[in-house]
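Peer 1: The structure follows.
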RNA sequence: GGUCUCGUAGUUCAACGGAUAGAAUAAGCGUUUCCUAAACGUUUGAUCCAGGUUCGAUUCCUGGCGAGACCA
């Protein structure tokens, strides 16, 4: 309708205004809830051209629209806004048309180019936590949204499976794991621990041992004993100590941290870990076997977590396979003057002309930095998927600068697709107590959290749910749907870009703007339709439509554009807000009218049809958020 | 020190440059002879500060204050 009026106005402009008009002059918006109207045209842009008051311009437009646009009942002009009211017949016809579309609002599959969405990049030395949950739910939802608007989507995960941190876990396991009667160290099998938890446990063990050693070294330094310390380090320590004089508490703490860093570097255990890394890079068979084994445990653990989360991937990338990539590209880039080499052999790119600074892309010893690797990986992915058009990286906003630089480099290297790369940057998740810190034990574990919300959902559901006739398996499934649905919705309803606060109590709320609120509406409609034995038929109405009913059709009509905006803005939050609005409107309607027990057959069928469409769109929208919609609860 | 984000009811979140800045939560009151009350209705409360651009600024620009991140 909006498009229709827009085009009609443009076509009629020479007659109506005496001049052709620009498309941007015509601005529509949703009519305020407290005004009469279904669509609002902003009059101000026309005022200058028509050289009259907003009221006069509005009246002119009102008259023209009322007499020329089919489906318009009447208009009113209020302070520069032209509110257009459509006829009941128009809205009924809208609903009729929606009825016939099982995929209402969605674009045809594969009608748009292929996009890769990367939405998890875990380290294999630590279990997943709350931050990963936001990351993964967000990326998974965006992938679904892109698919819904017609893109072909490849979902991917990059696993950070190499480097010093993995070696720390491996070393600690070898050193500290108790050995059982059969001579085995701890494994997931003989402890019953999840693999990622077991490996994470040894990562913590390593850190504990490191701290103890470091403290001992610092104590020695305090007493002036530097006999085991290289002179350069000794000087650095003494300099830091000297710098502490006369400084405030904060500065002293920072300096102490630096000294502690130095001490850690002097520990035997860190040296051992570094040696292990060197062996790993040299493909030492024993180290490699240990690495493979322990990573295997972690993957099994992650798979379990992903299964619980309800997410999956089409393609996995391992950093151990890709960390050597990118060097060739850097060499090529030197030839084409994108990069330059410093006398020490390190390679850089100068981005000062683009408002950024100089960035290292290859170390002087020829080893890769993260940027090198990311350049190589990006290029590789486009080789792996020849029809790939663009890529979305779901990564926290602390990497904003990194991706800005990465995309710029790819562009300068001459890859046209660099313009289709997008950093889906999301804000950190804070706790009421502040940031999550592993050192202070405030990290919220993903598995624990999911188990907790499901348990809570179970309690609540047993208290007030409608479970008769459901067997145990179905009940457990329902608790999971509600618990996880609530958690996902809680994390996704906030604008992804924004830093958000995670309040454990609110995340399991059932009332207000929550997942269970939406799920409840879906369940209620489901049983309603079942009771009415609803079958769609063409609709007709002889009585006037109620305002509550019209509001729902209006909201339903917005589904397609909301979905498109969500895709364009990579924002599941828009769909969450949309669903919430829809359900609020529906609940108001539900409370104020009879549906199944409505005596008038036409009205009954109309209201059932409305309910059915709300249910379908709601299920669709929730599905795009990764939230399941139960039939009853 | 440089760059980048963000500042909205007590709290958590909304608002393509548009009308009287919406919700939720907390608190009170009311609604089940009728389809699931995990619902609905109702009452109170906010744009960090100072300028500028505009018919119109929470939104854009400049400066300050505050929170966070990144870079060395």
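Rule-based calculations on the coordinates, nothing more; no lab input. Keep in mind the model is a prediction, meaning the values are calculated, not measured. Glycine also receives a Cβ, built like all others from the backbone with ideal geometry; neighbour counts cover every protein chain displayed.
Peer 1: Ranked highest first by the average count of other Cβ atoms within 10 Å around their residues, in what order do A:371-383, A:606-618 fall?
Peer 2: Descending packing order for the listed peptides: A:606-618, A:371-383.
Peer 1: Compute the length gained on full extension between residue A:470 and residue A:236: take 0.36 nm times their separation in residues and subtract their Cα-Cα distance, giving the result in nm to one decimal.
Peer 2: Contour length minus the Cα-Cα distance gives 77.3 nm.
Peer 1: Rounded, prolate or oblate: which fits region A:267-376 when a ≥ b ≥ c are the square roots of the eigenvalues of the alpha-carbon gyration tensor, with rounded for a/c under 1.5 and prolate only if a/b beats b/c?
Peer 2: Oblate is the answer for region A:267-376, as a/c is 1.5 or above yet b/c matches or exceeds a/b.
Peer 1: If you don't mind, there's one more thing I want to ask. Between region A:86-125 and region A:574-633, how many Å separate their Cα centres?
Peer 2: Cα centroid of region A:86-125 versus Cα centroid of region A:574-633: 17 Å apart.
Peer 1: Using a basic spin-label model with each label point 7 Å from the Cα along Cα→Cβ, how many nm lie between residue A:251 and residue A:334?
Peer 2: The two pseudo-label positions are separated by 4.3 nm.
Peer 1: Region A:331-366 to region A:460-512: how many Å between their Cα centroids?
Peer 2: 50 Å
Peer 1: Pairing the Cα long axis of helix A:601-625 with the longest principal axis of chain A, what angle in degrees results, from 0 to 90 and rounded to the nearest 10?
Peer 2: Between the helix axis and the principal axis of chain A, the angle is about 20 degrees.
Peer 1: For residue A:587 paired with residue A:11, estimate the spin-label separation in nm (one decimal), with each label point 7 Å from Cα along the Cα-to-Cβ line.
Peer 2: If labels sit at residue A:587 and residue A:11, their model points lie 4.4 nm apart.
Peer 1: If you don't mind, another one. Which order do the peptides A:107-118, A:280-291 take when ranked by the mean count of other beta-carbon atoms within 10 Å per residue, highest first?
Peer 2: Highest-to-lowest ranking by the protection proxy: A:107-118, A:280-291.
Peer 1: Rounding to the nearest 10 and keeping the result within 0 to 90°, find how far the Cα-based axis of helix A:285-309 lies from the longest principal axis of chain A.
Peer 2: 20 degrees
Peer 1: Can you tell me what share of the DSSP beta bridges in chain A is antiparallel? A percent to the nearest 5 is fine.
Peer 2: Expressed as a percentage, antiparallel bridges in chain A total about 45.
Peer 1: Could I have the simple spin-label model distance between residue A:261 and residue A:497, label points 7 Å from Cα toward Cβ, reported in nm to one decimal?
Peer 2: Calculated label separation equals 3.2 nm.
Peer 1: With a Förster radius of 41 Å, plug the Cβ-Cβ distance of residue A:278 and residue A:568 into 1/(1 + (r/R0)^6) and report the FRET value to the nearest 0.05.
Peer 2: It comes out at approximately 0.30.
Peer 1: Another one. Expressed as a rounded percentage, what relative contact order does region A:287-361 have, with Cα pairs under 8 Å and six or more residues apart?
Peer 2: 13 percent
Peer 1: What is the projected area of the convex hull of the Cα atoms of chain A, averaged over all directions, in nm²?
Peer 2: Projected over every direction and averaged, the Cα hull of chain A covers 39.4 nm².
Peer 1: Then there's this: May I ask for the angle, rounded to the nearest 10°, between helix A:268-281 and the longest principal axis of chain A, with both axes built from Cα atoms and the value confined to 0 to 90°?
Peer 2: The two axes meet at around 70 degrees.
Peer 1: When ranked by the protection proxy of mean other Cβ atoms within 10 Å per residue, highest first, what sequence do the peptides A:326-332, A:73-79, A:17-23 form?
Peer 2: The packing order, highest mean first, is A:326-332, A:73-79, A:17-23.
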